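Taken together, the values in this text are just the output of simple stated rules run on the coordinates, not laboratory data. Please read these numbers as outputs of a predicted model, since none were measured by experiment. Cβ coordinates were reconstructed from backbone atoms using ideal geometry, including for glycine residues, and neighbour counts include every protein chain displayed.
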Amino acid sequence: MTGTTGTTGTGSAGGTGRALAVALGVVLAVGGCTVEGTGPDGKGRAPVRIDVTTAPAGEPGKRETPRGREEPDGPERTPAGARRPSTPPARTVAPVLWRPGDSGLDVRELQARLRQVEWLVDGPTGTYDDLTERAVRGFQGKRGLPRTGRTDTVTWQRLLGMTHEPGTWELYLMGGQPAAAPDPRCMTGRVLCVSKTSRTLRWMIDGRTLSTMPVRFGSEYTPTREGVFEVYWKSRHHVSTLYDSAMPYAMFFSGGQAVHYSEDFAARGYAGASHGCVNVRDEAAVADLYAQVRNGDKVVVYR
């Protein structure tokens, strides 16, 4: 009796469950059920229909999706009208060629090209300093590139496309270029050996170079005289009576022309010119030179 009742109860409950499932299936099959979603961009997605009349478990070629939908195996499909989430492409980081603290001829060329497009005023110096970093950052920002201040391959290619290859003049606008080979007349004695081609002064004794420094000359209207001279007067705190300008550490060698420190040269580089004198922009270097040079020492100015 008890077994019969239990069996009957179980069968009745199972029948009731099946009946409800069938009824619900009919209702949903006719009316359907929708679930609103939100896409990756925050916009509403098209309603996704859930159909409870799914295939029997284990049916070949079918898989149950997380939202209750049934799709064939293979690449994931997206309901019509819905935006499929996409993975953004990995960002490629361009290799860095030069960065703050670097130095050398390549950095000098970078600075010369930045001067051509007016992002850098000073230099070139050959050292990747804070001014160079600021210039690179400005150049990058103007062209929509990451404003890192470091020169990567993309930044360099853009700069190459906008500029021409700098010549010696542009590369060494502020001095620092290699000194030219000494004139044969500089190879004996104590000599201030001055090359107009490389714009350098060598201090030499018996053919040995003791120091080298960048120099600037007179303009085409007040040229620095060429030839062999000698220092005939030294004046530590000299002031030009003709131009009313300071000429510290002056070492006169031809009329009113002298080797001396120039504050203008230090500030403007080769953008200016002297009135015929040989200007030195490094005050410490010319002070040391002044202490060593004697009256009567030879001065050779050559091309």
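Under the Karplus relation 6.51 cos²θ - 1.76 cosθ + 1.60, θ = phi - 60°, what is the ordered set of whole-Hz ³J(HN,Hα) values for region 100-110, x standing for Gly and Pro?
x, x, 6, 8, x, 5, 5, 5, 4, 5, 4
Counting only other residues whose beta carbon sits under 11 Å from that of GLY101, what net charge do I get with K and R as +1, D and E as -1?
Residues close to GLY101 contribute a combined charge of -2.
Within region 196-287, which GluC sites (Glu not before Pro) sit in a loop by DSSP and count at most 14 neighbouring Cβ atoms inside 10 Å?
GLU220, GLU226
Which net charge results for the neighbourhood of LEU173, defined as the other residues with beta-carbon distances under 13 angstrom from its beta-carbon, given Lys and Arg at +1 and Asp and Glu at -1?
Residues near LEU173 contribute +4 overall.
Taking the DSSP beta bridges in region 184-302 as the whole, what percent of them are antiparallel, to the nearest 5?
The answer is about 75 percent antiparallel.
To make sure I understand, if each residue's beta carbon is the centre and we count other beta carbons within 10 Å, what order do HIS237, HIS275 fall in, fewest to most?
HIS237, HIS275
Could you pull out which residues in region 129-163 have an amide N less than 19 Å from a spot 7 Å beyond the Cα of THR92, following the Cα-Cβ vector?
144-148, 151-161
Take VAL259, VAL117 and order them by how many other Cβ atoms sit within 10 Å, fewest up front.
Ordered by Cβ neighbours within 10 Å, fewest first: VAL117, VAL259.
Cut-off is 10 Å between beta-carbons; in what order do TYR172, TYR243 appear when sorted fewest neighbours first?
With the sparsest Cβ surroundings first, the list reads TYR243, TYR172.
For ALA266 and SER211 in one chain, what is 0.36 nm times their gap in residues minus the Cα-Cα distance, to one decimal in nm?
Separation in residues times 0.36 nm, less the Cα-Cα distance, equals 18.0 nm.
Provide the gained length on full extension for the span LEU160 to ARG185, in nm with one decimal, where the gain is 0.36 nm per separating residue minus the Cα-Cα distance.
Here the segment from LEU160 to ARG185 would lengthen by 4.8 nm.
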